[in-house]
1. Which percent of Cα pairs goes in each bin when the distances of the chain are cut into 10 angstrom slices starting at zero?
2. For a quick check: with amide H placed at 1.01 Å from N, whose amide H comes under 5 Å from R122's, ignoring anything fewer than 5 positions away on the same chain?
3. Relative contact order (percent) for the stretch 48-202, with alpha-carbon contacts under 8 angstrom and 6 or more residues of separation?
4. Given springs between every Cα pair under 10 Å in a Gaussian network model of the chain, which of V50, V38, V142 has the largest fluctuation?
5. Considering only L125, L238, L18, give the residue with the highest GNM mean-square fluctuation for the chain, with springs between Cα atoms whenever their separation is below 10 Å.
6. When ranked by the protection proxy of mean other Cβ atoms within 10 Å per residue, highest first, what sequence do the peptides 161-174, 188-201 form?
7. Using the Cα gyration tensor of the stretch 210-251, with a ≥ b ≥ c the square roots of its eigenvalues, what is the shape: rounded (a/c below 1.5), prolate (a/b larger than b/c) or oblate (neither)?
8. Could you name the aspartates and glutamates whose alpha carbon sits less than 19 Å from that of K215, not counting residues in the same chain fewer than 8 places away?
Amino acid sequence: MSQRRPLVAANWKMNGALASIRPLVDGIIAGLDTRAEVALCPPAVYLAEVAGRIANTDIALGAQTLSEHRAGAYTGEVSAAMLNDYNCRFAIVGHSERRSLFGEGDIVVARKFQAAQLAGMRPILCVGETLAEREDGATETVIARQLDAVTAVCETADDFAGGVIAYEPVWAIGTGHTATPEQAQAVHAFIRARLDTAFSGLGAATRILYGGSVKADNAEELFAKTDIDGGLIGGASLDVQAFLAICHATR
Ligand code: PEP
């Protein structure tokens, strides 16, 4: 039986305002009843606010991205050390929106993964294929490339340890189209095997989340799959009841 603790992470993206984030966090705190690990990834300017509100709970804080640089003349960027000041346990890296809208390629994503690891945070590395890539039969090739770019910068399995993968088919993000549990399971199994080719045993040790239009009514069947260890939740994480239902659908 797997020892991997389920994880549900909320990616609020660039949504909300103080007025909506306060009741959202308080509602989640009040209703949460799960042994899964739960993380909230607010926009960077709200990290302090959320950190304060979750301070006496088991809920973790996460960042939506971070700089690959330690410090310096990088206007607008936020470093791993700065995120550490707010006790960020997680940092999402390589989200498809960062890749496609902000031009982050595999090498930059790998550096961000390393920056988070070096600072003692757990990167959540997003991988996933576009619809055209899936229709071309290139899903595994794309995901292998995205994963290998990161494992290639790890000298030992310890450099990856604690890192999380989120399989997010681009065609399912924010579209209402979810991968079927079988489609997701097949890719998760592939990811686990691919991690093992980099470092033996890494596959079984690594939590692999599914992301892409997870909702209250499809979470349970996705999370029931052997290799799905939880979810990275976008739209549905902005609604207290929907997010709680997803958290409670974990095994
Ligand atoms: C995401 O962007 O990480 C995501 C999973 O979004 P949604 O749940 O809205 O598809």
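We did not get these values from a lab; they are worked out from the coordinates using the rules stated. All values reported here derive from a predicted model rather than from experimental measurement. For neighbour counting, all protein chains shown are included, and Cβ atoms are generated from backbone atoms with ideal geometry for every residue, glycine included.
1. 7, 34, 39, 18, 2
2. Amide H to amide H, under 5 Å and 5 or more residues apart or across chains, R122 pairs with F90, A91.
3. 20
4. Comparing V50, V38, V142 in the GNM, the peak value goes to V142.
5. With Cα springs under 10 Å in the chain, the top fluctuation among L125, L238, L18 is at L18.
6. Descending packing order for the listed peptides: 161-174, 188-201.
7. In terms of gyration-tensor shape, prolate.
8. Correct list for K215: D33, E37, E168, E182, D227, D229, D239.
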